[in-house]
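Structure, as structure tokens:
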Amino acid sequence: MFRILVTARSFAKTPGAHHEFLSANDCLVDLRAPEHPLDSTGLAALLPGYDGVILGLDQCDAAALARADKLRVISRYGVGTEAVDLRAAKARGIAVTITPNTNNISVAELALGLMFALARSIPTMAANARQNVFTRLNGIELTGKTLGVVGFGAIGREVAKRGIGLGMRVAGYDPFYSGDWLGAEVRSLQAVLAESDVISLHVPLTDETRDLVNSESLRTVRDGAYIINTARGGLIDESALYDALRSGKLGGAAMDVFAHEPPEGSPLLALPNFIALPHAGGATREAISRMALLAAQNCVAVLRGESCPHLVQP
Ligand code: NAD
């Protein structure tokens, strides 16, 4: 019997084939998913005794892993691994896996939704209507505008395809991508920032991408541009973003992800041209069932010593 800890919330809360798959594969599962991601101490307290963990966005650092006496696999429920100390895991012989291509459509659709929401002030007008205020706010059309896609991976490509479908010019930046650009123009980061009416971020959080949008780069964007971040919070310097929204340099911004989640007390939340979401990019029925099943399959494959194509290296 394998003992499996689950901290990924929607994995735990959603019934479906992933639970059946684990029980059919000799797994004894403890669903211990918190409302918000655990810090290192909270995770450390849970890890002892488990062979595998299906991990949400919890802080899985070296200190937490030091308590993982039996752990052989960290099966990330999602694709981001910035909260996992990959080197510490490797040093302890713990495999780390991810669930690529399971939530890319859902995140891309949310990014598009946020683009429409910003362009037409949909959240503001809808909130006004609840207060019996029916004031029309003028917006912009997206057709003919430039959509900048930073990071041309699984999600960025789906966003680009949809932008082209809307009749937008799509400018893409990704120095590591060598596949089909799907009708997008390949540009430098500086050009994407300077030319785009809407900038959508789809890169992982790394040392190189941290604060990719900062006070300096914000000076180079088009006046009135919109920025959308459905990738990772640390990509944007939030205080520089606040200043650019307050001054009117940016027309608006929408973020599903924040440096600290949930972003309680963030001054951004008070700005009328800012939209905040609770890290809901992958929160659809379809993405959850794909992610959950693949996370369960990855976990079992490692524990059984079978090959797993979704291993991540430091
Ligand atoms: P992916 O690995 O398929 O694509 C990432 C792309 O970024 C790759 O093509 C890579 O070459 C590129 N890249 C890496 N470093 C770069 C750099 N310095 N400059 C430009 N491009 C760079 O990942 P994905 O599935 O498309 O996910 C993209 C982002 O979305 C990640 O940050 C992920 O954590 C995040 N995400 C968020 C949610 C959510 O709920 N909001 C859900 C899934 C993924």
Would you say Phe116 is away from the ligand (no atom under 16 Å from the Cβ), among the aromatic types (Phe, Trp, Tyr) and assigned to a helix (DSSP H, G or I)? yes
Checked against (1) outside any helix (DSSP H, G or I); (2) open to solvent by 30 Å² or more (accessible area, probe 1.4 Å), Thr124 satisfies every condition except (1)
Scope segment 232-248; condition within 22 Å of the chain's Cα centre (by Cα) and either open to solvent by 50 Å² or more (accessible area, probe 1.4 Å) or of a type outside the set (A, V, I, L, M, F, W, C) (or both); matching residues: Arg232, Gly233, Gly234, Asp237, Glu238, Ser239, Tyr242
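Out of curiosity, is Leu293 within 13 Å of the ligand (Cβ to nearest atom), in contact with a helix residue (DSSP H, G or I) (Cβ under 8 Å, 6 or more places away or on another chain), open to solvent by 40 Å² or more (accessible area, probe 1.4 Å) and not polar (S, T, N, Q)?
no
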Does segment 180-216 hold any residues that are more than 10 Å from the ligand (Cβ to nearest atom), among the polar types (S, T, N, Q), in a loop (DSSP other than H, G, I, E, B) and surrounded by fewer than 17 Cβ atoms within 10 Å (Cβ to Cβ), and which are they? Ser188, Asn214
Within segment 271-281, track down each residue that is closer than 17 Å to Arg232 by Cα and either within 13 Å of the ligand (Cβ to nearest atom) or part of a loop (DSSP other than H, G, I, E, B) (or both). Ala276, Leu277, Pro278, His279, Ala280, Gly281
Of a type in the set (D, E, K, R), more than 16 Å from the ligand (Cβ to nearest atom) and free of Cβ contacts under 8 Å to residues at least 24 places away in the same chain: which single residue out of Asp39, Asp61 fits that description? Asp39
Take segment 119-157 and flag every residue that is of a type outside the set (D, E, K, R) and within 16 Å of the ligand (Cβ to nearest atom). Leu147, Gly148, Val149, Val150, Gly151, Phe152, Gly153, Ala154, Ile155, Gly156
Which one of these does Glu261 not meet: (1) within 16 Å of the ligand (Cβ to nearest atom); (2) crowded, with 17+ Cβ neighbours inside 10 Å? (2)
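For every residue, the table says whether it meets (1) assigned by TED's automatic domain parsing to the domain that holds Leu201; (2) in a loop (DSSP other than H, G, I, E, B); (3) at pLDDT 95 or above.
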{"residue": "Ala240", "(1), (2), (3)": "yes, no, yes"}
{"residue": "Asp243", "(1), (2), (3)": "yes, no, yes"}
{"residue": "Gly251", "(1), (2), (3)": "yes, no, yes"}
{"residue": "Ala254", "(1), (2), (3)": "yes, no, yes"}
{"residue": "Val257", "(1), (2), (3)": "yes, yes, yes"}
{"residue": "Glu264", "(1), (2), (3)": "yes, yes, yes"}
{"residue": "Leu269", "(1), (2), (3)": "yes, no, yes"}
{"residue": "Ile288", "(1), (2), (3)": "no, no, yes"}
{"residue": "Met291", "(1), (2), (3)": "no, no, yes"}
Under 6 Å by Cβ, and 6 or more places apart or on different chains, what pairs join a residue from segment 65-84 that is within 21 Å of Arg304 (Cα to Cα) with one that is open to solvent by less than 60 Å² (accessible area, probe 1.4 Å) and of a type in the set (Asp, Glu)? Lys70/Asp51; Arg72/Asp51
So the check is Cβ under 8 Å with 6+ separation or different chains; which pairs have a first residue in segment 133-146 that's at pLDDT 95 or above and a second one that's of a type in the set (Val, Ile, Thr)? Leu137/Thr124; Leu142/Val198; Lys145/Val198; Thr146/Val170; Thr146/Val198
Which condition from (1) open to solvent by less than 60 Å² (accessible area, probe 1.4 Å); (2) within 21 Å of the chain's Cα centre (by Cα); (3) among the charged types (D, E, K, R) is the one that Arg162 breaks? (1)
Of all residues making up segment 148-159, the number that are touching a helix residue (DSSP H, G or I) at 6+ places or on another chain (Cβ under 6 Å) and either open to solvent by 30 Å² or more (accessible area, probe 1.4 Å) or over 15 Å from Asp197 (Cβ atoms) (or both): 3
Being more than 16 Å from the ligand (Cβ to nearest atom) and polar (S, T, N, Q) is the filter; apply it to segment 229-249 and report the residue that is nearest to Leu205 (Cα to Cα). Ser239
Just one of the numbered conditions (1) more than 15 Å from Leu303 (Cα to Cα); (2) out of contact with any His (no Cβ under 8 Å at 6 or more places or on another chain); (3) open to solvent by 10 Å² or more (accessible area, probe 1.4 Å) is not true of Cys60; which one? (3)
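The values are calculated or read from the model by the stated rules, or taken from the named source; none is laboratory data. Computed from a prediction, not measured in an experiment: that's the story for all the values here. Heads up, the Cβs are rebuilt from the backbone with ideal geometry, glycines too, and the neighbour counts pull from every protein chain shown. When the accessible area is computed, the model is the full protein with side chains, heavy atoms only, and any ligands, DNA or RNA have been set aside. Shrake-Rupley method; radii C 1.70, N 1.55, O 1.52, S 1.80 Å.
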